[in-house]
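The values are calculated or read from the model by the stated rules, or taken from the named source; none is laboratory data. Just so you know, these numbers come straight off a predicted model, no measurement behind them. Counting neighbours? That spans all protein chains shown, and the Cβs are built from the backbone with ideal geometry, glycine included. These area figures cover heavy atoms from the full protein model, side chains too; ligands, DNA and RNA do not enter into them. Shrake-Rupley method; radii C 1.70, N 1.55, O 1.52, S 1.80 Å.
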Amino acid sequence: MVDKTGKQPGGPDHVQGDQLLWPFAAARLALDACFWWMERGPADPPADSSLPWTTPGTVALELATMRLRACAKDRSGQPALVCAPYALHRALIADFAPGHSVVQSLQNGGVDRVYLTDWRSATPDMRYLSIDSYLGDLNVAIDEIGAPVDLVGLCQGGWLSLLYAARFPAKVRRLVLVGAPVDLSIESSLSRLARNAPELVYDQLVARGGGNVSGEEMLRFWSRTPSREDIAAALQRELADEEGAALLARFDHWNVETLDLPGSYYLEIVNRIFRENRIAGGDFVALGRRVDLKDVKAPVFLLAGLDDDVVPATQALATAALVGTPPAFIAAASEPSNHLGLFMGARTHAHAWPRIAQWLRGDLSGVLARSA
């Protein structure tokens with residue numbers, strides 16, 4: 001089936017394989033394709049069980065929303081918690097493969113105590129969980145680790161981390177936001193889509209999932225499987241050799257291991273964050289209090305992708321003007337990377353992530369004096 005422009009739904013003119021903000025692109029696909037999804041079979045399941053983690057670790061805590069993974073070389077030292085995006089795919093995006101792992105790059109850079117939010121796929125009894133539910137469990141996890149932590153937020157894990165840092169400023173020592181959408185007044189294809197799609201479309205996605213949003217259904221909406229070129233761009237390396245073939249197979253496996261989202265949580269993201277821009281506007285209420293981003297005083301590092309169509313660099317870097325951190329304590333970097341490449345790309349892990357690790361470990365006490 002084709003849409004009114006003559007293009008196949010989900011084709012290259014849609015999302016170009018950048019899938020971390022899939023719920024909003026799904027709305028356009030729903031509009032374009034109507035019930036086209038019913039004509040397709042389910043996505044091919046993985047050949048075996050879930051992919052193993054790259055970095056050795058243990059489950060430090062079991063919570064309703066997540067398993068808290070501990071990848072600690074040393075029980076002492078400053079802890080860093082990587083807040084993975086809770087979207088279509090597993091948190092393995094933050095620990096994908098050697099040379100393509102946020103957790104590994106931080107440890108290689110001397111950050112010995114690394115933790116990771118391994119978000120759970122929503123079950124029917126989770127359908128009423130809200131953003132507050134995830135903030136509350138994040139708070140429990142940080143108390144378990146021992147505050148203050150260094151919080152590293154990836155994509156949608158970025159706005160969640162920022163909300164947390166504003167709500168509990170004393171519990172965050174430093175904050176890293178990577179490809180994080182915060183100020184949705186800054187134009188991007190997905191921010192426009194979230195605002196312009198009828199609200200009924202989002203409600204119907206939740207209703208069809210019995211109160212949750214089905215990751216498997218969304219993957220079927222995504223009729224265009226990422227091509228070899230897409231995957232090579234995300235991983236920032238050629239795939240012709242034996243190692244590349246193994247990475248390609250691993251990516252394909254990871255791509256079909258989908259997560260479901262609680263309907264209440266999903267609709268709050270769509271409406272409060274993407275349509276109403278409440279975080280940037282100062283109108284977001286988190287765990288009973290209105291959040292003011294000026295309450296974030298901790299040092300902040302912002303990383304953006306120059307080729308990121310999902311969260312454009314202008315949007316990712318604009319957060320600097322919203323927080324209360326003194327400008328001398330805000331670091332920013334842009335990489336020639338698409339969205340997935342910020343988390344998985346070999347070039348990004350060779351350049352940007354070592355700099356982030358060094359920044360997390362560095363002494364910033366003299367920064368104000370040098371900039372005065």
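See the values below:
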| item | result |
| --- | --- |
| Inter-probe distance in nm under a simple model that places probes 7 Å from Cα toward Cβ, at Val285 and Ala170 | 2.4 nm |
| For the stretch 338-345, Karplus couplings with θ = phi - 60° (6.51, -1.76, 1.60), whole Hz, Gly/Pro x | 7, 5, 4, x, 5, 9, 10, x |
| Estimated Rh, the stretch 188-274: Kirkwood, alpha-carbon pairs, angstrom | 15.1 Å |
| Within the stretch 186-333: Cβ-based charge dipole about Cα centre, in debye rounded to nearest 20 (Lys, Arg +1; Asp, Glu -1) | 740 debye |
| In Hz, Karplus ³J(HN,Hα) per residue of the stretch 62-74 (6.51, -1.76, 1.60; θ = phi - 60°; x = Gly, Pro) | 10, 10, 4, 9, 8, 9, 8, 8, 10, 10, 10, 7, 9 |
| The stretch 267-361, accessible surface, carbon-and-sulfur percent (1.4 angstrom probe) | 49 percent |
| Approximate spin-label separation Thr58-Asn271, in nm, with each point projected 7 Å along Cα-to-Cβ | 4.3 nm |
| Difference of contour (0.36 nm per residue) and Cα-Cα distance, Asn139 to Arg208 | 21.7 nm |
| Label-to-label distance, nm, for residues given as His351 and Glu229 (7 Å Cα→Cβ offset) | 2.2 nm |
| Amide H contacts under 5 Å for Glu335, placed H, 5+ residues apart | Ala304, Gly305, Leu306 |
| Kirkwood hydrodynamic radius (C-alpha pairs) into Stokes-Einstein, the stretch 97-194, 25 °C and 0.890 mPa s, D in µm²/s | 162 µm²/s |
| Charge dipole (the stretch 139-240, unit charges on Cβ, about Cα centre) - positive-most of Tyr202, Pro169, Val152 | Pro169 |
| GluC sites (Glu not before Pro) lying in DSSP loop within the stretch 144-211, provided at most 16 other Cβ fall within 10 Å | Glu187 |
| Amide H partners (placed H, <5 Å) of Phe284, local residues excluded | Val291 |
| Contour minus Cα-Cα distance for Asp125 and Ser365 (0.36 nm per residue) | 81.7 nm |
| Where the stretch 219-372 is the region considered: accessible area per residue in Å², 1.4 Å probe | 41 Å² |
| Extension gain, Asp307 back to Lys73 (0.36 nm per residue minus Cα-Cα distance, nm) | 80.8 nm |
| Exposure of Thr258 as accessible area (Å², to 10), given a probe of 1.4 Å and all protein chains | 40 Å² |
| Lys/Arg +1, Asp/Glu -1 at C-beta; the stretch 221-291 dipole; positive extreme among Ala246, Thr258, Gln236 | Thr258 |
| Accessible area, probe 1.4 Å, largest first, for residues Leu306, Leu340 | Leu306, Leu340 |
| Accessible area of the stretch 54-189 belonging to carbon and sulfur atoms, whole % at 1.4 Å probe | 50 percent |
